[in-house]
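Participant: Take this structure, written in structure tokens, and hold onto it; I'll ask about it next.
The values are calculated or read from the model by the stated rules, or taken from the named source; none is laboratory data. Computed from a predicted structure; not experimentally measured. Here Cβ is always computed from backbone atoms with ideal geometry, including for glycine, and neighbour counts include all displayed protein chains.
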Amino acid sequence: MNTVVAQAPGRINLIGEHTDYNQGYAMPIALEERTTVRFEPDGSDTVRLTSEQDGVDAAFALPVRPGEVDGWAAYPAGVLWALAAAGHRVVGGTIRVTSDVPIGAGLSSSAALECAVLLAMNAAAGTELELLEVARIAQRGENDFVGAPTGLMDQLASLHGAVDRALLIDFDDLSVQPVVFDLELNGLRLLVINSNAAHHHSSGEYASRRESCARVALALGVESLRQVQGVDGVLDRIDDEVDRRRARHILGENQRVLDCAEALGASDFRRVGELMNQSHASMRDDFEITTPHIDLIADSAVRHGALGARMTGGGFGGCVIALVPEGELGRIGEAIEADIAEGGFPAPTLFVARAGQGASIVSVGATFVGDGGDPRILR
């Protein structure tokens, strides 16, 4: 079996938070930052893992089972467990991981790792899968092995990403529609402000939001909140105030995603900014997944000239994204840093994000596919 190199990007969600597991809409972009996996199969019944970022090595025997691996190694172990459970071949060998996707920042470093590992394993084993099946296997590994009850958005964004394109995802039929997102052409940049306050998807707070949405759907007699999208006054039937606010965020967020796609189609970036601000307010007030630290960053960005700003990711830390005029990038960034320092919070990390290519096989043996290769080429 040949050595395989595969890569997969992180993602930023432009708008549509916690809508994926409610069969709603979201609009992420794949990042240029990515995770690269070099898999050297040896035909054994052991997988050895190394990470250049933290220098931590791990190993597990095949077949691996939930509960046998923890820490960062649980993500590759989980997707290989899910791959085997789906009836596909898994072989032993060494997986070497390098990445420039920030960890714990809400930019889906876990999904990037999962997708890169799956593509590499499938290529080495000669398994050909559709992208949706790869995404589902990755999600099952994260849900049932790691214990993080996430939806499919992260994996779909990592697999389907395209340069200067956002991805309008409909989680009812799992369709992915590219939307032009060429900020440079419009004199804008997407500024990412990493709060350096790590968030944790597997925490009870994330799970409680999902449970709240499920309770509302059950009370309304539907399988998901998507089925009552656009029904006037439907949430008046929900007695629990907290559950009602949680569901109000989801239904409002779905509409904001659709409105944002329409605004992007018309190059109406002021409207896009307004929708980002509305989304953040809903996450803060109705879904209650922001923090004072994150709220300060979003507010600071808008006060100093961003068209819009919102938290991105599952919540309780992570990153804020801001739509910023290119000529104001330095000034606005410095003003945000000053406000954060005055608030007594840790210094942030700022960078400019651009929509990048999705996951792909880079090389198999001596055959070079290239960073822009088709992720379905498993040769």
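Participant: Which ones in segment 296-320 are among the aliphatic types (A, V, I, L, M) and either in contact with a Lys or Arg (Cβ under 9 Å, 6 or more places away or on another chain) or in a loop (DSSP other than H, G, I, E, B) (or both)?
Facilitator: Across segment 296-320, the qualifying residues are A298, A306, L307, M311, V320.
Participant: Here is a follow-up. I need the full set of residues from segment 40-56 which are touching a helix residue (DSSP H, G or I) at 6+ places or on another chain (Cβ under 8 Å) and surrounded by fewer than 24 Cβ atoms within 10 Å (Cβ to Cβ), in order please.
Facilitator: If the condition is that a residue be touching a helix residue (DSSP H, G or I) at 6+ places or on another chain (Cβ under 8 Å) and surrounded by fewer than 24 Cβ atoms within 10 Å (Cβ to Cβ), then P41, L49, S51, D54, V56 are the ones that fit.
Participant: If a residue must be more than 18 Å from R96 (Cα to Cα) and in a helix (DSSP H, G or I), how many such residues does segment 61-77 contain?
Facilitator: Result for segment 61-77: 0.
Participant: Report, by residue number, each residue of segment 20-43 that is among the charged types (D, E, K, R), in contact with a Leu (Cβ under 8 Å, 6 or more places away or on another chain) and in a strand (DSSP E or B).
Facilitator: Answer for segment 20-43, where residues must be among the charged types (D, E, K, R), in contact with a Leu (Cβ under 8 Å, 6 or more places away or on another chain) and in a strand (DSSP E or B): just E33.
Participant: Inside segment 324-364, can you point out the residues that are assigned to a strand (DSSP E or B), surrounded by 24 or more Cβ atoms within 10 Å (Cβ to Cβ) and aliphatic (A, V, I, L, M)? If you could, list the steps in order and put the result at the bottom.
Facilitator: Within segment 324-364, the first condition is being assigned to a strand (DSSP E or B), and the residues that meet it are 324-325, 349-353, 355, 360-364.
Subsequent filtering for residues that are surrounded by 24 or more Cβ atoms within 10 Å (Cβ to Cβ) retains 324, 355, 360-361.
Scanning segment 324-364 gives V324, A355, I361.
Participant: Another question, if that's okay. When you go through (1) in the same structural domain as D243 (by TED's automatic domain parsing); (2) among the aliphatic types (A, V, I, L, M); (3) touching a His at 6+ places or on another chain (Cβ under 9 Å) one by one for V222, which number turns out not to apply?
Facilitator: The one condition V222 does not meet is (3).
Participant: Something else: Does any residue of segment 9-24 turn out to be modelled with pLDDT of 95 or more and of a type in the set (F, W, Y)?
Facilitator: So far as segment 9-24 goes, no, none of its residues is modelled with pLDDT of 95 or more and of a type in the set (F, W, Y).
Participant: Follow-up. Name the one entry in R226, R210 that is part of a helix (DSSP H, G or I), under 19 Å from N13 (Cβ atoms) and over 20 Å from the mean Cα position of the chain (by Cα).
Facilitator: Result of the check over R226, R210: R226.
Participant: Still on this model: Give me a count of the residues in segment 213-223 that are part of a loop (DSSP other than H, G, I, E, B) and either within 27 Å of the chain's Cα centre (by Cα) or at pLDDT below 95 (or both).
Facilitator: Adding up the residues that qualify gives 2.
Participant: Hey, another quick one. Looking only at segment 265-274, filter to residues that are in a helix (DSSP H, G or I) and not basic (K, R); which one of those is surrounded by the fewest Cβ atoms within 10 Å (Cβ to Cβ)?
Facilitator: G265
Participant: Another question about this same structure. Just to be sure before I move on: is L191 of a type in the set (A, V, I, L, M, F, W, C), in contact with a helix residue (DSSP H, G or I) (Cβ under 7 Å, 6 or more places away or on another chain) and either surrounded by fewer than 20 Cβ atoms within 10 Å (Cβ to Cβ) or in a strand (DSSP E or B) (or both) in the structure I sent?
Facilitator: Yes: the conditions hold for L191.
Participant: Regarding V101, is this residue at pLDDT below 95, farther than 25 Å from L132 by Cα and β-branched (V, I, T)?
Facilitator: No.
Participant: Oh, and also: Picking from L152, L132, L159, which residue would you name as being in contact with a Pro (Cβ under 9 Å, 6 or more places away or on another chain), of a type in the set (A, V, I, L, M, F, W, C) and on the phi < 0 side of the Ramachandran plot? Spell out how you get there, then give the answer.
Facilitator: Working: L152 fails: in contact with a Pro (Cβ under 9 Å, 6 or more places away or on another chain); L132 fails: in contact with a Pro (Cβ under 9 Å, 6 or more places away or on another chain).
So the residue among L152, L132, L159 that is in contact with a Pro (Cβ under 9 Å, 6 or more places away or on another chain), of a type in the set (A, V, I, L, M, F, W, C) and on the phi < 0 side of the Ramachandran plot is L159.
Participant: Do you know which of the residues in segment 275-295 that are touching a residue at least 60 places away in the same chain (Cβ under 8 Å) and assigned to a helix (DSSP H, G or I) is nearest to V242 (Cα to Cα)?
Facilitator: Residue satisfying both the conditions and the ranking: M283.
Participant: Another one. Which pairs turn up if I take residues in segment 262-274 that are in the same structural domain as A306 (by TED's automatic domain parsing) and look for partners that are polar (S, T, N, Q) and in a helix (DSSP H, G or I) with beta carbon separation below 7 Å, at least 6 apart in sequence or on another chain?
Facilitator: Matching pairs, first to second residue: S267/N186; F269/N186.
Participant: Considering only segment 141-160, how many residues are of a type in the set (S, T, N, Q) and closer than 17 Å to L129 by Cβ?
Facilitator: Number satisfying all stated conditions: 2.
Participant: Whether any residue in segment 37-46 is farther than 15 Å from V90 by Cβ and at pLDDT 95 or above is what I want to check.
Facilitator: For segment 37-46, residues farther than 15 Å from V90 by Cβ and at pLDDT 95 or above: present.
Participant: Are any residues in segment 136-160 among the hydrophobic types (A, V, I, L, M, F, W, C) and farther than 14 Å from Y21 by Cα, and if so, which ones?
Facilitator: Filtering segment 136-160 down to residues among the hydrophobic types (A, V, I, L, M, F, W, C) leaves 137-138, 145-146, 148, 152-153, 156-157, 159.
Correct list: I137, A138, F145, V146, A157, L159.
Participant: Given the condition of a type in the set (V, I, T), assigned to a helix (DSSP H, G or I) and surrounded by fewer than 17 Cβ atoms within 10 Å (Cβ to Cβ), answer yes or no: does some residue in segment 242-264 qualify? Before you say what the answer is, go through the steps one by one.
Facilitator: Start the filter on segment 242-264 by keeping residues that are of a type in the set (V, I, T), which leaves 242, 250, 257.
Add one more test, that the residue is assigned to a helix (DSSP H, G or I), and what stays is 242, 250, 257.
Then keep just the ones that are surrounded by fewer than 17 Cβ atoms within 10 Å (Cβ to Cβ); that gives 242.
Yes, that holds for at least one residue.
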